[in-house]
Amino acid sequence: MPAVTETIETVQAVTEGGYKWGFETDIEMEFAPKGLNEDIVRFISKKKNEPAWLLEWRLKAFAMWQKMEEPRWAAVTYSPIDYQDSHYYAAPKAGPKSLDEVDPELLKTYAKLGIPLKEQAILAGVEGAGESPSDSGRMPIAVDAVFDSVSVATTFKHRLEKDGIIFCSISEAVQEHPELVRQYLGSVVPQGDNYFAALNSAVFTDGSFVYIPRGVRCPMELSTYFRINAKSTGQFERTLIIADAGSHVSYLEGCTAPMRDENQLHAAVVELVAMDDATIKYSTVQNWYPGDAEGRGGIYNFVTKRGACRGARSKISWTQVETGSAITWKYPSCILQGDDSVGEFYSVAITNNRQQADTGTKMFHIGRNTRSTIVSKGISAGRGQNTYRGLVKISPKAHGARNFTQCDSLLIGDQCGAHTVPYIENRCMSAKVEHEATTSRIAEDQLFYCRQRGLPEEEAVGMIVNGFAREVLKELPMEFAVEAQKLLQISLEGSVG
Amino acid sequence: MTAVASTGAAAFLGRHEGLRNRLPGARVAWVEALRERGASAFRAQGFPTRRVEAFKYTDLAGVAGQVFGEPLTSVDDAPALPDATHPRAVFVDGRFRPDLSTLGELPFAVRSLAEALPNLEGRIGALARPEDAALVALNTMLFEDGLVVDVPAGVDGGTIELLSLAAESERAPAFHPRHLVRLGEGATLTLIETAEGPLNARYLHNPVFEIEVAEGARLSHGRVQQEGREAFFLSTVRARVAARATYDNFTLNAGARLSRNEIHVALTGPEAQAHMNGAQLAGDGQHLDTTTSLDHAAPNCASRQTYKTVLSGRSRGVFQGKIHVHQVAQKTDGYQMNQALLLSEEAEMDSKPQLEIYADDVKCSHGATVGALDADQLFFLRSRGIPEPQARAILVGAFLTEAVEAVAEEDVRAALSRALDAMRARQGLAAGLEEA
């Protein structure tokens, strides 16, 4: 088995070389004092100039969180998090007005993150830039850039406003559209939902807000780019997307962070609401810093994502490519309330070196003829541990409900682990649930076939892994699909190629 | 004056206190120590609640809330026995009854655990450790009897039957037999186990099996659980299978108001094999749970599991099955399928298959389906003039047959088919084409 031996050797040889987004930006920042208490919650609320009801909402969440116990059931291990040893607010000093005034460091940051120059100007917060049609002739992507605790810019807002679409940071939405925020915030993920959601509800700082009005098909992809930069901080973003009846939106999310020896907590909450005939497609390419080969540093990505298909024939589709983070612990879920509503979950999760992932989805079938599809591809390399955990629950009235689940795991090297833990609860006779799971390693014959045609082993393995993940990657919008393919390759660098 | 608890863990702990000087092995130091281990583990764990992950879908509150009594020390009138087709050991309320047993001349040793106890040091509690499971702990502190089977190396033990009966009584007895089965190198044995009792009697049957299958040996273990409809059946099987040995288990889980059927198999030597199959048939008011775990702890082992559940009336079925592949267990081939049919609007199936894999050169898969009878298949049969109830029964039969056919041993398969037909008839799921 020379190929395998070689693979394992490569795993050991290359270590953290793969993470290209690990730099740190030296920029003047404003911090809240370290620690977590009611005063910090008040501080954040005041910084954001929030109405009284929201402060009360936060304080209620904080009170709940204090009474809760940190959950330990996931198949991940980490040393206790000191919630007092962190800044819960970190923001660059006031943003620039024109490109000349942009802090060159901030500008450089986006250049390094690989965002084209024109978009770069947008990201750096230059108003008016990028409103002209894109050079390539393709529809551009509107971006909300969140840097530590604040949104530094949102692009194409005016273009979107023409269709009545609201796309802005959630802080801005609180000011401009308080009635919408108040109506929907916490309506899918209540404050006390779980330990990390309660924490987020108390101290969330920024995130994106999207409202697509009745019958509108959003003319461009919307996206948020999350960047953790400051030391000793956590990121607690809150995203809320509402698709009114008959509307359609595709939303992308990307994230990176510097390489550090400390672990940083990222505890986000994402809530989606889809009304009658509405469709929300939510895609994530998660590329937080994974830590080094020995498991030092890296982001703890403990996120609550849930969508409610409230209306008939509505649809929510989650696609996630999880390559980063020291620990990924999340279950993007769908509550299928509307009759004939559809939930989808497509996931690729890679764990290399000492990374750990416990991820999957929950599908709650409540309405009649609701359908859900789950496709999960787990790839474990190095000493990584990868768990698919999922729940399909069919309530007694979900007549004609249907679920299909496919979970495949690929093992690269004999020091890693791949685990599958599906829960199926069916209380409706006319519903049908099907689940399949397989675990195997890269087939010798596939490798041999590629090698025989002159492909170096690293490339061959990259190709096979991409093939393995294809069913999921094809669900991504094109811009992301290309990036995701490259990421898969880079994430496995040092393990295979 | 302290009140004596009559229900729950406290009642059983109180019983252990009261009986400790009268239970078998009371003056044998290691037995006392073992029972003490059982008691302290049970004291620590109590009856598991639904907050315990392994009992997420099975609530033991119904057992914990019951008042159970002692089995009578002697049963004067013997219950009616079904016909024996093989040498048979009979237990009544958990106690061995030589007068009812027909073991005859066997080429190996079959003993009552109560009698053999002083010589069994190291054999009890080694595989089924009280610290690992509350129900094993409960059994360990209170076991009184059981069957001890030792088939020496190279001996073909043929087929024996183990029949456990509950006597008709108002005492709601709780009994906790401990059975030990050991096959020497290259030995073979077929063990057909039946647990039954009066239809409406209330009792708790809490058997624990510790099974060792040495190198190259082969044990075929067929089990028919057809306890009365008010009974509680909480059973644990723990088996260790050595190199090139095979353990076959088929469990028909069909009786009892609440049944928890745990089967834990460890493949500890290269090329060991486990075949675990089963069927569950639950009618109105029943809760049937099969929980399996398969430990692949050596390379080149194979395991096959097929479990089928049919639920009618207001019933609930549970299947939990874990395949754990250790890092040394390269070249593992593991397969598990569990399927459930819901025949009523009030039935519920909860299924949790699980893979935990630490070796890379493996082939492991599991599948699960839950749904109603296939409408097309039903239509096909109806269009050929078969009335609906019979058409449904035919399809149910075909669904279950797949699991039974996986049983290699003919004696076991025949016994299971008979039992299955009887249980289906009891639940109104027999095809009845014979009369038609």
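Values quoted throughout were computed directly from the atomic coordinates according to the rules given, and no laboratory measurement underlies them. Here the structure is a predicted model, which means the values were calculated and not measured. With ideal geometry, Cβ positions are generated from the backbone for all residues, glycine too; neighbour counts draw on all protein chains shown.
Points worth noting:
- Toward the positive end of the charge dipole of the protein assembly as shown, with +1 on the Cβ of Lys and Arg and -1 on the Cβ of Asp and Glu, the farthest Cα among A:75, A:430, B:175 is that of A:430.
- Flagged links, alpha-carbon separation over 30 Å, of A:231/A:393; A:46/A:305; A:60/A:315; A:60/A:231: A:231/A:393; A:60/A:315
- Sequence-distant lysines (8 or more away, or on other chains) whose Cα lies within less than 17 Å of residue A:474: A:281, A:377, A:486
- The modelled label-to-label distance for the pair residue B:417/residue A:463, using points 7 Å beyond Cα in the direction of Cβ, is 5.2 nm.
- Charge context of residue B:135, other residues only, Cβ under 9 angstrom, K/R +1, D/E -1: 0
- Unit charges on C-beta of K, R, D, E only; dipole of the range B:202-307, Debye: 120
- Average beta-carbon neighbours from other chains, 10 Å sphere, peptide A:412-420: 6
- The range B:1-127: C-alpha gyration tensor shape, a/c 1.5 cut-off, then a/b vs b/c: prolate
- Per-residue Cβ neighbour rank within 10 angstrom, fewest leading, A:65, A:73, B:30, A:53: A:73, A:53, B:30, A:65
- Fraction in percent of alpha-carbon pairs per bin - 20 Å, the protein assembly as shown: 13, 40, 32, 14, 2, 0
- Computed from the C-beta positions of residue A:452 and residue A:404, the FRET efficiency with R₀ = 30 Å rounds to 0.25.
- Seen from every direction in turn and averaged, the convex hull around the alpha carbons of the range B:3-373 projects onto 17.9 nm².
- Here the range B:286-315 and the range A:157-201 have alpha carbon centers that stand 46 Å from each other.
- Reducing the range B:129-200 and the range A:258-275 to their Cα centroids gives an inter-centroid distance of 53 Å.
- If both residues of a DSSP beta bridge must be in the protein assembly as shown, then about 10% of such bridges are antiparallel.
- Label positions at residue A:54 and residue A:23, each projected 7 Å from the Cα along the C-beta direction, are separated by 3.4 nm.
- Cα centroid separation, the range A:429-474 to the range B:24-71: 47 Å.
- Magnitude of the charge dipole for chain A, about its Cα centre and with charges confined to Cβ atoms of Lys, Arg (+1) and Asp, Glu (-1), is about 1500 debye.
- Proximal lysines to residue A:157, defined as alpha-carbon separation beneath 18 angstrom and excluding residues fewer than eight positions away on the same chain: A:97, A:118
- Protection-proxy order for peptides B:303-310, A:74-81, each taking the mean of Cβ atoms within 10 Å per residue, highest first: B:303-310, A:74-81
- Span-rule helices in chain A, defined as complete DSSP H runs reaching 24 Å or more along the axis (Cα) with Kyte mean at least 0.0: none
- FRET efficiency estimate (nearest 0.05) - Cβ-Cβ, residue A:397 to residue A:31, R0 56 angstrom: 0.65
- Lysine pair count for the range B:3-373 (Cα-Cα distance under 21 Å; residues 8 or more apart in sequence or on different chains): 10.
- Local electrostatic count, residue A:239, Cβ distance below 10 Å [Lys/Arg +1, Asp/Glu -1]: -3
- This ranking places B:163, B:106, B:267 by how few other beta-carbon atoms lie within 10 Å of each, fewest first, which gives B:106, B:163, B:267.
- Residue B:59 versus residue B:33: modelled label distance in nm, points set 7 Å from Cα along the beta carbon direction: 4.2
- Once the Cβ-Cβ distance of residue B:185 and residue B:335 is raised to the sixth power relative to R0 = 30 Å, the FRET efficiency obtained is 0.65.
- Net +/- balance of residues flanking residue A:417 in space, Cβ distance below 11 Å, scoring K and R +1, D and E -1: -2
- Listed residue (B:371, B:334, A:201) projecting farthest to the positive dipole end of the protein assembly as shown, Cβ model: A:201
- Antiparallel DSSP beta bridges within chain B, percent to nearest 5: 5
- Neighbour counts of other Cβ atoms within 10 Å put A:363, A:259 in the fewest-to-most order A:259, A:363.
- Mean per-residue shielding of peptide B:335-348 is 3, counting Cβ atoms of other chains within 10 Å of each Cβ.
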